[in-house]
Amino acid sequence: AQNFDDPKDFAYAEELLKMKPQGPEGKPWEQNLGGKEVDTSKYKKPGPYRICFSNAGVDNPWRVVGWTDMQAQVDKDKADIKSFSAADAEGKDDKQISDINSFVSGDSCDILIVSPNTTAALTPAVEAACKKLPVVVFDRGVLTQCPVTFVNPIGGYGWGIQTANFIAEKLPKGGKVLGLRILPGVDVLETRWSAANRIFKEKGINVVGAEFTGGDNAKTKSIVEDYIRRFGKIDAIWMDAGATAVAAIEAFEDAGQPNPIITGEDQEDFLVKWQKEKLTAFAPTYPTYQWRSAIIASLKILKGEPVIGPTWKLPQPDITEATLATYVDPKMPPLHYAMCGCKDLPGYPQRWGGKP
Amino acid sequence: MTTTVAGEGWPRGRAIAIAKHVNAAMVVFVVLYAVVGILQPSYLEPAGLMNFLRRSAPLAILASGQLFVLAAGGFDLSMSALVTLTVIGGSMLADNNPDNTWWTIGALYGIGLAVGALNGLIVSFLKVPSIIATLGTLLCVDGAAMMWSGGSPRGYLPDNFRAFGRLVLHDVPVIGTFPIAVGVLIVFTLLAWWGLHVTVFGQRVFAVGDNPRAAELAGVRVSATRVAAFVISALSAVTGGIMLGGFGGVSVGVGSGLALQAIAACVIGGVQLMGGRGSVVGAVAGAFSLFALFTLLNLVGLPQSLRDTAQGLILISAVASGAWRLRHAG
Amino acid sequence: MTAIVSGAPRPRRAPPAPLFLFVGSLFLYVGVAIWTGQTSQLHTEGWVGLLQRMVALGIVGVGQTFVILCGSIDLSVANLISVGAVAASFIMQGREAMMLPAVAVVLAISVVVGAINGAIIAGLRVNPLIATLGVGLVLQGLLSASFTDFAGSVPQAFQAFAYGAVGPVPYSVLGLFALALAAWWTLGATRFGAHLYAVGGNAEGARLAGVRTHLVMVGAHVICSVLAGVTGLYLASRLRSGAPWVGRDGVYDLESIAVVVIGGTLLAGGRGGVWGTLAGVLLFATLDAALNMLGVPAYPKLILRGAIVILAVAAYAARTREHVA
Amino acid sequence: MTTGALALEMRDISKSFPGVRALEGVSFDCAAGEVHAICGENGAGKSTLIKVLGGVYRPDAGAILIGGTERSFARPADARAAGVSIIHQELSLLAYRTVAENVFLGLEPTRFGRLDRGAMRLGTARLMQRLSSTIDPDTRAGDLSVAEQQIVEIAKALAFDARILVMDEPTAALDEVDAKRLLALVGKLRQQGVAIVYISHRMSELAAVADRISVMKDGRKAITAPASDLPTDRIVRLMVGRDLAEFYPPRSQAPPGPPLLEIASGGNGVLADIDLTVRAGEIVGVAGLEGSGKTALARAIFGDRPFERGTVSVAGAARQIRSPRAAIADGVGFLPNDRKRDGLALQRSPRDNVLLTLRAFAPALARAAGGAMTDSIADSLLRRVDVRAARLDGEIRLLSGGNQQKVILGRWLARDPKILIFCEPTRGIDIAAKAAIYHIMRDLASRGRAILLVSSDLPEIIGLSDRIVVMRGGRIVGACEGGASEEAVMALAVGHVGEAVIDPVKVGAAV
Ligand SMILES: Nc1ncnc2c1ncn2[C@@H]1O[C@H](COP(=O)(O)OP(=O)(O)OP(=O)(O)O)[C@@H](O)[C@H]1O
Ligand SMILES: Nc1ncnc2c1ncn2[C@@H]1O[C@H](COP(=O)(O)OP(=O)(O)OP(=O)(O)O)[C@@H](O)[C@H]1O
Ligand SMILES: [Mg+2]
Ligand SMILES: [Mg+2]
């Protein structure tokens, strides 16, 4: 198993956060943080191309928005794309391995994009695929260097650092922090917590508890209610994912308490609430636009243009008091991720469930 | 071996019957809740109790709906999906506009009715065992909800919709606070109790669950009864969904696992799977016990995972003791 | 005896469900491959891929067949699979030396769990659904309390179980069919098999005839659990490691029950067999492959799968005059 | 008769169930080569005694000696191992398994761990020969008729050479022919020195086969004596505690009323050319061998497996009866021949069961215990059919067969249908309960109802019916007056045109 509290990764994340993104201005999905280019001329082919995508699943709103981004990007580039076939693994490693194998055996792909369900499990399948095809991996990684590039943002450590620092700076002396986590064992979430926790410890912040909500609103609310009842007052809420942020705030409202300092995520319902209630809040992001980047990278590879690799670090912007206004959009659905970088894509906003 | 002429000795019978009606789960609940109260006295205040009831209301409602299907000898696994569909569909139809709330709720119950009827018809006429049939509809309804919303909710639930799960009336005489959810709970469970234990229909449900062939030869409309049971279960799921959505707001995973929890609650409440035995009091008591258990484990700070373990043990021991009582007390 | 029509409502003849499903699935696969022009899926690799999709569900399914045939059911398999997978990779920690011990431990755990299931059901007379649901919860709880992520890893040598092959055919596929043959023989040609059907068909009757029904029930559950454990080993080998959620995410509990029933085994027990189950598994694997080829999006896929589960069972259940619940 | 040493001895056996003392200090023995019959009312404890012997229940007190040595049986397997073979009252075959598999269940022969199906088939065929039955070892038990299944149960019991053979009401489901065959077999086995315990409610059989008879009452043994010392009327008195005035109620002298049920050339999958009229005030008996279509006829009239051809009219009006519910709505009632499977909600109370049909037709949301469905009304119904039970709100599965049957009868009295069809109404029911049911039937008839009595129990048909129609091969092959001679009816049923003249009128006159 991987180590979720690795000082090296932590330091690296801090470093990345300080870096200035290179690449086209205002297009974070094409930018990178101190990456080097790799030569792809050996993959050059005449287009249009057949792109295959093995998807871990679309079992949560983040993946849904990302998946929509990706399809929109495919439409945007339809001139270069002959076919785009996707297989959904429904969150089953076993199935995703089979999916990848049948893509490889089916020789109807020029390139394979993989969004792994879990890192370790998918590695052999990806290695096998690398032998036949150029492969692009994004979101979660695999334990091999064989893919042409691995597209992903700064990630969990960055998230933890950004959020913990915000709370550390806003929290009154001796204030109480409640950590709300979705579930244990998921790498991208564990690193968020480990990084934040590390900072909380360093700064001697009083974390009264860390509970797993299973991403369920009702449960989140109950847990927060219980903590308020037990500790009288909770000053700040730290979350490893924003899906239930609004529920957490409502718990304070229902208990007739002042709103807490809170770090959520870039879901619209949270941003709208933030603006409406004038919260002291902060929204880190795990940008869904990386789903676009995967397509962009694939096309570059097939055209033989150099791409950032073997790992392509995307910037990981956060939403603050200052930038809030630019991201709030009541027309978009509650669980839409504002950092989708999709405003320029065909079909926006309806395609993402927004109202024109 | 005592035999008395018909009619005699019924007072004793009635006494035993009443004794039997003092539901074991009720006792379990009271004990568990007492412990909770000792660890966290605020639970003993009216407000604390009301809050507890508000939280357990959805499960209690689901359980008392599921009970009808269990009593008729089947299972309804599709509940979970229907709860999700209710929340997501509600947010799409009402779309944060209070004026839409009422017809939205109507529409949701319409959907529930359709799904329940579908379950019943598949079981009665395609003769697919309900555990498989409702597994199938579970997948279908889940898929439908996701297709409809494109994978995640596309609107907000207006406040008057959410009131059913969220609104709490303050400065109520005696009890102080009164969550609307508790009102819904009382109304729904009273209806369920009336339907199952007072009406002729309830007796037909038990007869069908006990011996459908005999019921048929006695003139009971077996299929109709069965369909009705599934419809009631579905309607309870919609009600539960409305309340969960109201309490927590829109999300995708609301329903997952609720069907099994409802069945578990019933079983803890002394309901017999494969039909013939069970009571609304038991189902509700079972649901309360489960929630009291969760709260308790929460308070003693047991890790999430071990709560599953505890629930598993409680389930088995509840049924085992029930089976034992059945064998050793006529 | 007068030779007129036979007695009370006839039980329906066992339908040729297995054959029908096998052929139907194969047609589906070939048809879709041709229709979508992905004919390369019809080369050896494609077929092997299809069979590979059967392995995990196939092994559990065979086990589930045993318990359902004797009138029980097992909802704890998914959790036990996770336990098996985690235990295996945790004990191995990538060391070949630990392979045998790990396998032994997993099988031992499985035997114990199976015995417990059987004992609770036969001894305490707890409804099998609840008994195994409860045991499943207990297992999952203990497992998740001790492990939160992929624990340890399996050595290269052990991955042969999932990735090794003789010629084009993976060991695991051969293993599955060997297992099916063994199960078929056990059910059809041994006293234990006969008693299994007896207990499922009429437990009290079997007891009166001198069958040790409790032992049979425990035996069936031990077999089912052991096969769940083996599935866990297979997943550990295929995923290189075991995580506490591999079983649940695979929905092996409900899906194994579904394939057994689709295969024509009576949920009430007493009638059916292992080939039907395998046919059901093939149908599921084919659906996965075919829907991928067709590029059916995730959500419609759910609906299709649900509808097919229902219709597949209805296909021959609908004819019975008996009531089902 | 060669009475050897005591093969079986049971000493002071006691057994209680929750709320019931089923056996109190019962002692019982049986010698090799002896037939020892047990009789007693429903619920007297006969089957319980047998189940204790068979290792089904463990006795609370008392000892069991087999061949002089004391044994205790933890489970049926042990009893079988000790050479005790039992034909239990309830049929317990595996519907989906073959006859051979059923017969050798628990005794499967194997070669190198492999089932020896050949041997099983052969052995079964031999047994069937011995029972002079033509049942094919490879048919599925579920495809057999009730009587054939009973034969298989007997074969099962003979499959291993038991020194002690117990038969708990083996003839309840058999027709005359099969019953006679069985009695002959019992004789043969006695010659071979088997100790045979024989339980039956048919007095005629006891007289025919028993060497000794024990009478049980309320869980105690009333007497054990040589059959010769126990004439039927004495047995009855010991069983019931009083004399039975007239077993069969007298036929009504009044001429029958208007036809209530008329069937013209009715037919379906099993039945053909059924022409039948039943008038108000008469009891029409339907006789025939097993599988002759009696039950099929009853079920067809009741709409369970409806007629597909022909016309049916109820009280003069033509009717399309497609379902039991429709039949009931048209004023037809039906007592199924298999109480437990088709008649009772076993976990519900006698009250609920007696009210079931009323509730089936009441408005769904009416009060279950309101209007015409109050407990007191239920109790009065149960009283009318003289149900005896410790508790009327307990579970009906704990009542004896006779009382269960009376509850179903009460269910119909509540509806008061014009036409009542009784299928094997006294199968497995004790003599007193039989008499009670007969009187209720006659009473219903005399109050202008039409009654169809479908039964394999010939004496009952002859004793009770005003008219008898005889079925064979799904057709009505003849009719006789009530009280016709058994020979006459049997001749029609088996279809030998022989010494007995098949002229209904003559036969009728002959009586
Ligand atoms: N419409 C029908 N279609 C097919 N089979 C039928 C139909 N009606 C009845 N049967 C079957 O055929 C059998 C006809 O024999 P039946 O049992 O009626 O003879 P019986 O003499 O009444 O037997 P018993 O002595 O057990 O009452 C019935 O048992 C029933 O199972
Ligand atoms: N498993 C049981 N649980 C509770 N009571 C039982 C059980 N089995 C039998 N009894 C009761 O024990 C008494 C004796 O039953 P038993 O079956 O031995 O009577 P029986 O003589 O066989 O009657 P029948 O002639 O109807 O077969 C009855 O009162 C019955 O209700
Ligand atoms: Mg008896
Ligand atoms: Mg019949």
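How big, on average over all directions, is the shadow cast by the Cα convex hull of segment D:377-469, in nm²?
Spelled out: convex hull of the Cα atoms, projected over all directions, averaged, 6.1 nm².
What's the long-distance tail for chain A, i.e. % of Cα pairs beyond 26 Å?
Every Cα pair in chain A considered, those over 26 Å come to 50 percent.
Expressed in whole Å with the largest first, what are the equivalent ellipsoid semi-axes of segment A:77-207 derived from the C-alpha gyration tensor as the square root of 5 times each eigenvalue?
39, 15, 12
Taking every alpha carbon pair in segment D:376-430, what does the distance histogram look like in 10 angstrom bins from 0, in percent?
Reading upward from the zero bin: 23, 54, 22, 1.
In percent, what relative contact order does chain C have, based on Cα pairs under 8 Å that are 6 or more apart in sequence?
35
Within 10 Å, count the other beta carbons around each residue, average over each peptide in B:92-101, B:223-232, and list them highest first.
Put in order of decreasing packing, that is B:223-232, B:92-101.
Counting pairwise Cα distances across segment B:139-236, what percent come out greater than 20 angstrom?
Of all Cα-Cα pairs in segment B:139-236, 62 percent lie more than 20 Å apart.
Kirkwood-based Rg over Rh for chain C (C-alpha set), two decimals?
Reported Rg/Rh (Cα atoms, Kirkwood Rh): 0.99.
Could you work out how far helix A:217-231 tilts from the main Cα principal axis of chain A, as a 0 to 90 degree angle to the nearest 10?
30
When the convex hull of the C-alpha atoms of segment C:140-239 is computed, what volume per residue in Å³ does it have?
Cα convex hull per residue, to the nearest whole number: 127 Å³.
Which ³J(HN,Hα) values in Hz, rounded to whole numbers, follow from the phi angles of segment B:221-234 under the Karplus curve 6.51 cos²θ - 1.76 cosθ + 1.60, where θ = phi - 60° and Gly and Pro get x?
Per-residue couplings from phi come out as 7, 4, 4, 4, 4, 4, 4, 4, 4, 5, 4, 4, 4, 5 Hz.
With the cut-off at 46 Å, report for chain D the share of all Cα pairs above it, as a whole percent.
Of all Cα-Cα pairs in chain D, 13 percent lie more than 46 Å apart.
For segment C:79-159, what is one quarter of the convex hull surface built on the Cα atoms, given in nm²?
Numbers: hull surface 21.3 nm².
Projected area, direction-averaged: 5.3 nm².
Note down the relative contact order for segment D:246-404 as a percent, whole number, built from C-alpha pairs under 8 angstrom at least six residues apart.
17
Which are the unpartnered cysteines of the protein assembly as shown, meaning those with no other cysteine Cβ under 4.7 Å from their Cβ?
Within the protein assembly as shown, the cysteines lacking a partner Cβ under 4.7 Å are B:CYS140, B:CYS266, C:CYS70, C:CYS224, D:CYS30, D:CYS39, D:CYS423, D:CYS480.
For D:ILE38, which sequence-distant residues (separation of 5 or more, or a different chain) have an amide H within less than 5 Å of its own amide H, given hydrogens modelled in the peptide plane?
Placed amide hydrogens put D:TYR198, D:ILE199, D:SER200, D:SER214 under 5 Å from D:ILE38.
What is the ratio of the Cα radius of gyration of chain B to 2.2 N^0.38 Å, where N is its residue count, to two decimals?
1.02
With θ taken as phi - 60° and the coefficients 6.51, -1.76 and 1.60, list the Karplus ³J(HN,Hα) couplings across segment D:406-412 in order, rounded to whole Hz; mark glycine and proline as x.
Result, ordered by residue: 5, 4, 4, 4, x, 3, 7 Hz.
Using the count of nearby Cβ atoms within 10 Å as a rough guide to exposure, how do C:LEU129, B:LEU299, D:LEU93 rank from fewest to most?
B:LEU299, C:LEU129, D:LEU93
For A:LYS343, give me every one of the aspartates and glutamates with a C-alpha distance below 19 angstrom, ignoring sequence neighbours fewer than eight places off in its own chain.
Within the straight-line cut-off, A:LYS343 pairs with A:GLU25, A:GLU30, A:ASP69, A:ASP75, A:ASP77, A:GLU265, A:ASP266, A:GLU268, A:ASP269, A:ASP318, A:ASP329.
Whose amide H sits under 5 Å from the amide H of D:GLY478, counting only residues 5 or more places off or on another chain, with H placed in the peptide plane?
Result for D:GLY478 returns D:VAL470.
Cut-off is 10 Å between beta-carbons; in what order do A:LYS170, D:LYS406, A:LYS78 appear when sorted fewest neighbours first?
Neighbour counts put them in this order, fewest first: A:LYS78, A:LYS170, D:LYS406.
What's the exposure ranking of A:ILE182, A:ILE223, going from fewest to most Cβ atoms within 10 Å?
Going from sparsest to densest Cβ surroundings: A:ILE182, A:ILE223.
Which lysines have a Cα less than 18 Å from the Cα of A:LYS131, not counting those fewer than 8 places away in the same chain?
Within reach: A:LYS42, A:LYS44, A:LYS45.
Ignore the peptide's own chain and count Cβ atoms of other chains within 10 Å of each Cβ in A:59-71; give me the average, rounded.
3
Mind listing the Cα extents of segment D:91-229 along all three principal axes, in Å, largest one first?
Answer, in whole Å and largest first: 53, 30, 29 Å.
Top mean-square fluctuation among C:PHE192, C:PHE66, C:PHE158, Gaussian network model of chain C, C-alpha springs under 10 Å?
For chain C, modelled as a Gaussian network with Cα springs under 10 Å, the answer is C:PHE192.
Amide H to amide H, which residues 5 or more places from B:GLY253 or on other chains are under 5 Å from it, using H placed in the peptide plane?
none
Within straight cross-link reach of D:LYS434, meaning Cα distance under 26 Å, which lysines are found once same-chain residues fewer than 8 apart are removed?
D:LYS46, D:LYS51, D:LYS180, D:LYS217, D:LYS221, D:LYS294, D:LYS340, D:LYS406, D:LYS418
Roughly what angle does helix D:350-361 make with the longest principal axis of chain D, taking Cα atoms, 0 to 90 degrees, to the nearest 10?
Relative to chain D, helix D:350-361 is tipped by roughly 30 degrees.
What number, in percent, do you get for the relative contact order of chain A if the mean sequence gap of Cα pairs under 8 Å and at least 6 apart is divided by its residue count?
23 percent.
Expressed as a fraction of 2.2 N^0.38 Å, the rule-of-thumb size for a compact globular protein of N residues, what is the C-alpha radius of gyration of the protein assembly as shown?
Rounded to two decimals, the normalised Rg is 1.03.
Could you give each residue of segment C:122-134 its phi-based ³J(HN,Hα) in whole Hz, using Karplus coefficients 6.51, -1.76, 1.60 with θ = phi - 60°, and x for Gly or Pro?
Ordered by residue, 3J(HN,Hα) equals 6, x, 8, 6, 8, 3, x, 4, 5, 3, 6, 4, x Hz.
Return, for the Cα atoms of segment B:169-319, the radius of gyration and Dmax in Å, separated by a comma.
17.9, 56
For the protein assembly as shown, give the share of DSSP beta bridges that are antiparallel, in percent and rounded to the nearest 5; count only bridges with both residues there.
Antiparallel bridges: around 45 percent, rounded to the nearest 5.
If I fit a long axis through the Cα atoms of helix A:7-18 and take the longest principal axis of the Cα atoms of chain A, what angle between them do I get, 0 to 90°, rounded to 10?
The answer is roughly 90 degrees.
Laboratory data are not the source of any read-out in this text; all were calculated from the coordinates shown. Quick caveat: nothing in here was measured; it's all calculated off a predicted structure. All Cβ positions, even for glycine, are placed from backbone atoms using ideal geometry, and neighbour counts span all protein chains on display.
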